[in-house]
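Worksheet: the structure to be examined is printed underneath.
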Amino acid sequence: ATPMSVMVGVGKAAEAGVLIRNGEALQTASKITAMILDKTGTITEGAPKVTDIILAGATNEAEVLQLAASLESGSEHPLAEAIVESAKEKQLELLKISAFEAITGFGVQAQCQGKTLLFGNVKLMQDKGIEVTGFTDQAQALAKQAKTPMYFAVDGELAAIIAVADPIKADSISAIKRLQANDIRVIMLTGDNKETAAAVALQAGISEFFAEVLPEDKANKVKDLQNHGEIVGMTGDGINDAPALALANVGFAIGTGTDVAIESADITLMRGSLHGLADAIAISKATLRNIK
Ligand code: ADP
Ligand code: MG
């Protein structure tokens, strides 16, 4: 495309809330054959809320929430915010923690009042030798409702399961339909567990998804698809998504996402809506038509 037509395209996109960082991305967008969408914060609102607390070893729900929130005050993960927010709503005071550690893709741990706190997915519990049998059925039932169950352990014993729900954005379904109508293969990637991922993908109208993907493996999925001849678009909002955004043929960041994601992407969807994807592709097509 001529520099002039690219400029016009970039301007049109900006009006639609789609910020294009380089002209090449605008030209490549129309050629995308596969679009990877991150789940949390991309397809979903990314503002999860606590929905269920199932007591295991613990006997007091408020105490569990207080300890879990104190632990999560060290994390910036959207799941952590949900826990802290829920404790605040219940006017629970956050306790001082030490030796905080985030185990990316798995959960968090820290010390609090002489206790060792551990919070995260079932794999984290298995790694740390925490007994969870007897509670996995309940966790799975929550996951089937598209909620994310997390396991909370105190001093090596399961204390509770805390589930959060993160509803999909109201217009994600229609935006995904537009991509599919353009013959684009839509694939969801998430670090979340399989059951939750399946339930969210079903709601979103996506048949192809990969769950329990570790942060470092998101970029590998992009590479895999490229090796199979796909022109890959990647859309994400998190620090986890940055390497995949950089590697994709076109990286799209959610405008409300992390700075790292925005810096790694070619295009930013300022309105946060996935409709920006089909808009960008349509403008890309129009731009390329103008030069012929
Ligand atoms: P996503 O790709 O959905 O953002 P992540 O890779 O960040 O997922 O996390 C994968 C899983 O690890 C989460 O679904 C959760 O079970 C667990 N996890 C990660 N961070 C935390 C945290 N701060 N607190 C509790 N659990 C966490
Ligand atoms: Mg995300």
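Quick notes
- One residue stands out in region 148-206 among those that are of a type in the set (Asp, Glu) and within 13 Å of ligand 1 (Cβ to nearest atom): the one that is surrounded by the fewest Cβ atoms within 10 Å (Cβ to Cβ), namely GLU195.
- Where a residue in region 111-135 is over 12 Å from TYR151 (Cβ atoms) and in the same structural domain as LEU158 (by TED's automatic domain parsing) and its partner, wherever it lies, is acidic (Asp, Glu) and exposed (fewer than 14 other Cβ atoms within 10 Å of the Cβ), with Cβ under 7 Å and at least six apart: LYS115/ASP155; THR116/ASP155
- Test: LEU79 is modelled with pLDDT under 95, among the hydrophobic types (A, V, I, L, M, F, W, C) and outside any strand (DSSP E or B): yes
- Members of region 1-41 that are outside any loop (DSSP other than H, G, I, E, B) and of a type in the set (Ser, Thr, Tyr): SER5, THR28, THR40
- Only one of the listed residues (LEU71, LEU65, LEU19) is modelled with pLDDT of 95 or more and either surrounded by fewer than 17 Cβ atoms within 10 Å (Cβ to Cβ) or in contact with a Gly (Cβ under 8 Å, 6 or more places away or on another chain) (or both). That residue is LEU19.
- Some residue of region 213-233 being within 12 Å of ligand 1 (Cβ to nearest atom) and within 19 Å of GLN180 (Cα to Cα): no
- Checklist (1) under 19 Å from ALA58 (Cα atoms); (2) among the β-branched types (Val, Ile, Thr); (3) under 25 Å from the mean Cα position of the chain (by Cα) applied to VAL132, failing item: (3)
- Among residues of region 243-270 being modelled with pLDDT of 95 or more and out of contact with any strand residue (DSSP E or B) (no Cβ under 7 Å at 6 or more places or on another chain), the one that is surrounded by the fewest Cβ atoms within 10 Å (Cβ to Cβ) is GLU263.
- The residues of region 42-60 that are in a loop (DSSP other than H, G, I, E, B), within 12 Å of ligand 2 (Cβ to nearest atom) and not hydrophobic (A, V, I, L, M, F, W, C), listed by number, are GLU45, GLY46, PRO48.
- Region 224-255 - residue that is among the polar types (S, T, N, Q) and within 13 Å of the chain's Cα centre (by Cα) and, of those, farthest from LEU19 (Cα to Cα): ASN240
- One residue from GLN66, GLN126 being among the polar types (S, T, N, Q) and away from ligand 1 (no atom under 13 Å from the Cβ): GLN66
- Residue match in region 22-40 (condition: within 16 Å of ligand 2 (Cβ to nearest atom) and either of a type in the set (Ser, Thr, Tyr) or at pLDDT below 95 (or both)): yes
The values are calculated or read from the model by the stated rules, or taken from the named source; none is laboratory data. Predicted model only: the values in this text are computed from it and were never measured. Neighbour counts are summed over all protein chains in view; Cβ atoms, including those assigned to glycine, are modelled from backbone coordinates with ideal geometry.
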